[in-house]
Amino acid sequence: MPNPDMRVASIVALFLCTAPAAEAASVREVFEQYGLLGTFAIDCARPVSAKNHYMHLRALDGGRVRIELMVGPQQRQYAYVVTLPGPEIEGLAISTPRM
């Protein structure tokens, strides 16, 4: 079974790499450009459960984005904060906040 952490990192990296380099877009701007902010589920009409995961992508201050995967009403499988590093570094930073 693929590691869900690697899937999230791969998806985030893919979308951030498509941002125009000359404009130095923030993570939030890239997610907004592709309509990736919001709540996504297998079936949005059903409540969150072990068989109907919800993924929340929320804009934070400083152009950052928080990604959370909920697998139950009060059960979070993971949460990440996605940021871009400073201009002297080329790459992507994903951190796991304390829960």
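Each value in this text was obtained by applying a stated rule to the coordinates, not by laboratory testing. What you see is a predicted model; the values in this text were computed from it and never measured. All Cβ positions, even for glycine, are placed from backbone atoms using ideal geometry, and neighbour counts span all protein chains on display.
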Fill in the blank from the handout: Of every Cα-Cα pair in the stretch 21-65, the percentage lying beyond 16 Å is 48
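Charges only on Cβ, +1 for Lys and Arg, -1 for Asp and Glu: so what's the dipole of the stretch 26-71 about the Cα centre, in debye to the nearest 20? Don't skip to the end; give the middle numbers.
Working: 6 positive and 5 negative charges, 30 e Å.
With only Lys, Arg, Asp and Glu charged at Cβ, the dipole is about 140 debye.
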